[in-house]
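Have a look at the structure below before the remarks.
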Amino acid sequence: DAASSSFTVWPDEVRADGVVGARTALNFFERPRTDALGGPDRLRAMLEELDLTFVLTGVDNLRVYGRLAPGDRIVSSVKVSLMGGTMLGGAQEVALEGSGEVVATADITLVTLQGGRPTAADSVLPEDLLESLGLLR
């Protein structure tokens, strides 16, 4: 299942003409990705207890469509999948809440690191996280 976050667009996140820049789209993608991986507290605990981190190594096919206005409500979502070995992949999307009009999409790649070294994701991620990501085999 996809993880999603809903939030309000602030005036400093869009240009006066409503255009959403690539940097802003990437910022909109960050919250559900963090939530999908367990949230800030869980990520901090995995770092402290398992020396486990995730590094965003790729953003491909970034597309920004449409316009937003300050005060618009958006839903940002990510569907994470195991790409094999150390890599997790994800399809990310930002859409207007209510209408579902897509504002931005991208494919992302994350690498799992343990002790600073690439590590097979399915061998080090806690089982409940693998289950919540739909990655249990």
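Enumerate the pairs (first residue in the stretch 115-137 and in contact (Cβ under 8 Å) with a residue 60 or more places away in the chain; second residue anywhere and surrounded by 12 or more Cβ atoms within 10 Å (Cβ to Cβ) and assigned to a helix (DSSP H, G or I)) with beta-carbon separation below 7 Å, excluding pairs fewer than 6 apart on the same chain, so at least 6 apart or on different chains.
Cβ pairs passing all conditions: VAL124/LEU50; LEU133/ALA36.
Taking GLY98 and the conditions (1) loosely packed, with under 13 Cβ neighbours inside 10 Å; (2) under 18 Å from the mean Cα position of the chain (by Cα), which numbered condition does it fall short on, given that it satisfies the others?
That leaves (2) as the condition not met.
Please go through the stretch 86-119 and give me each residue that is β-branched (Val, Ile, Thr) and within 16 Å of PHE54 (Cα to Cα), ordered by number. Spell out the reasoning first.
Just the residues of the stretch 86-119 that are β-branched (Val, Ile, Thr), to begin with: 86, 94, 102-103, 105, 108-109, 111-112, 119.
Those that are β-branched (Val, Ile, Thr) and within 16 Å of PHE54 (Cα to Cα): THR86, ILE108, THR109, VAL111, THR112, THR119.
For the stretch 1-116, which fully contained strands (runs of 3 or more DSSP E) count at least 2 residues that are of a type in the set (Phe, Trp, Tyr), modelled with pLDDT of 95 or more and at negative phi?
Result: empty, no element qualifies.
In the stretch 23-80, which residue that is closer than 16 Å to THR112 by Cα and of a type in the set (S, T, N, Q) is most open to solvent (accessible area, probe 1.4 Å)?
THR57
The values are calculated or read from the model by the stated rules, or taken from the named source; none is laboratory data. None of the values given here were measured: they were computed from a predicted structure. Positions of Cβ are generated from backbone atoms using ideal geometry, with glycine treated the same way; all protein chains shown enter the neighbour counts. Keep in mind that these areas ignore ligands, DNA and RNA; they rest on the heavy atoms of the full protein, side chains included. Shrake-Rupley method; radii C 1.70, N 1.55, O 1.52, S 1.80 Å.
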